[in-house]
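Notes follow once the structure below has been shown.
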Amino acid sequence: MEFDYSPKVKDMQARLLAFMDEHIYPNENVFHEEVAANRAKGNAWVPTKIVEELKPKARAAGLWNLFLPKSPRAPEGLSNLEYAPLCEIMGRVPWAPEVFNCSAPDTGNMETIERYGSEANKDEWLEPLLKGEIRSAFLMTEPAVASSDATNIECSMRREGDEYVINGRKWWSSGAGDPRCKVYIVMGKTDPEAPRHSQQSMILVPANAKGITVIRPLTVFGYDDAPHGHMEVELKDVRVPVGNLLKGEGQGFAIAQGRLGPGRIHHCMRSIGAAEYALELMCKRLNQRVAFGKPISQQGVWRERIAESRCMIEQARLLTLKAAYMMDTVGNKVAQAEIAMIKIVAPNMSTRILDWAMQAHGGAGISGDFPLAYSYANQRTLRFADGPDEVHRNALAKLELAKHMVNAKEVEMPVTRGS
């Protein structure tokens, strides 16, 4: 693989960096202040004006729907390798990806509908998602079972004539708090008696369907992530047309494997951006502050941490690019080890560097005066989201052991989602 980015990507990098400098960084506090003002008025679950104002600017700049490769409905979509350095830049500010219509879970949901939905599904849901007119949520994880094993999912999807009747309770349903959320992708059991990996299916459920109750938002270190939100949702006798089923009965596990590969690597790309921003803020702070008679940046322990941070970021970036390259050239299944590796490495790397950056800022580092604490909350969550570290380590170990076994069987990668 080439270690240099193509002229096309370099041009897009320059345009994206300029957009971030002009529109995103100056408005970091504006976003949070707007959410706080809405909360003070009694409703934090209102789309922010600043993000909505920036979306047309991003689209006009040609920085829109960059994540979706090989889709006739999104000709601007890039390959995974092309998208990686751009997704990294967006990841420097947690709310920035939405400005470019490149935020989770919409990206994964759009890719899922593109790959597995009918043309009618695409017309109804994919088109408005690609235009940024609506948002979506992914409902897989359940409070009653260990959802790190997706075959544990108990949400019932029973067919009655031309409809499926859905009953279950989900949580960590990211995006379900947003009033613009108009569709859920729900995973549940259509046949409890089928073989283990053929019991699950996925279906498109209108967010306003009768029988849906959004119970509460869940917080991460006290952050409710409004207006996006990670919600607990109850589905009680929810009826949806058979045509909303994705791919077919018993295909939920296979769909999840296809969906979570790109989702995992997108998270890792953004993690690298978060770590880069944390290192930048850490270095600036250390150069500005004096303790015990000299700049803190001259203290040996901080030079060691800065050097270690740079090494960790570069290692993670190279592994991410390798995984992206393999996904593009040989497919997600062949790249399963690389995807597992980077999903382990990137969030652990970013949380370590963010922790050091907070320490460098003293008490200010854990306050709302800097973006570090909020970024840390997001990055720490990724050690659960799309599969906890332990599951990915276990799967990776199985793949490694299988290389050295006689008559080794193919290893099934996990389908897990922790948020």
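The values are calculated or read from the model by the stated rules, or taken from the named source; none is laboratory data. Keep in mind that what you see is a predicted model, and the values were worked out from it rather than measured. Every residue, glycine among them, receives a Cβ derived from its backbone with ideal geometry; neighbour counts consider all protein chains shown.
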Residue under evaluation Ser136, criteria (1) surrounded by 14 or more Cβ atoms within 10 Å (Cβ to Cβ); (2) of a type outside the set (A, V, I, L, M, F, W, C); (3) over 24 Å from Gly211 (Cβ atoms), criterion not met: (3)
Across the range 352-375, which residue is nearest to Ile313 (Cα to Cα) among those that are assigned to a helix (DSSP H, G or I) and of a type in the set (S, T, N, Q)? Ser375
Quick one: would you say Ser350 is among the polar types (S, T, N, Q), on the phi < 0 side of the Ramachandran plot and modelled with pLDDT of 95 or more? yes
Residue check, Val301 in the same structural domain as Lys398 (by TED's automatic domain parsing), surrounded by fewer than 16 Cβ atoms within 10 Å (Cβ to Cβ) and not in a loop (DSSP other than H, G, I, E, B): yes
Selection from the range 242-279 of residues under 14 Å from Ser201 (Cα atoms) and not in a loop (DSSP other than H, G, I, E, B) yields Val242, Gly243, Asn244, Leu245, Gly252, Phe253, Ala254, Ile255, Ala256, Gln257, Gly258, Arg259
Look at the range 329-340 and say how many of its residues are in contact with a Lys or Arg (Cβ under 9 Å, 6 or more places away or on another chain) and part of a helix (DSSP H, G or I). 3
Considering the range 215-236 alone, what residues qualify as being in a loop (DSSP other than H, G, I, E, B), on the phi < 0 side of the Ramachandran plot and acidic (Asp, Glu)? Asp224
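Being not in a helix (DSSP H, G or I) and not aromatic (Phe, Trp, Tyr), is that true of even one residue in the range 49-58?
no
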Based on this model, can you work out whether Arg73 counts as touching a residue at least 24 places away in the same chain (Cβ under 8 Å), surrounded by fewer than 19 Cβ atoms within 10 Å (Cβ to Cβ) and of a type in the set (Lys, Arg)? yes
Kindly indicate whether any position in the range 404-411 is at pLDDT below 95 and surrounded by 14 or more Cβ atoms within 10 Å (Cβ to Cβ). yes
Only unsatisfied item for Glu133, checking (1) under 30 Å from Asn65 (Cα atoms); (2) in contact with a helix residue (DSSP H, G or I) (Cβ under 6 Å, 6 or more places away or on another chain); (3) charged (D, E, K, R), is (2)
Any chance Trp64 is under 19 Å from the mean Cα position of the chain (by Cα), not assigned by TED's automatic domain parsing to the domain that holds Met231 and not acidic (Asp, Glu): yes
Could you check the range 308-362 and list, in sequence order, the residues that are more than 11 Å from Ala278 (Cβ to Cβ), small (Gly, Ala, Ser), surrounded by 20 or more Cβ atoms within 10 Å (Cβ to Cβ) and out of contact with any Leu (no Cβ under 7 Å at 6 or more places or on another chain)? Ala316, Ala323, Ala335, Ala346
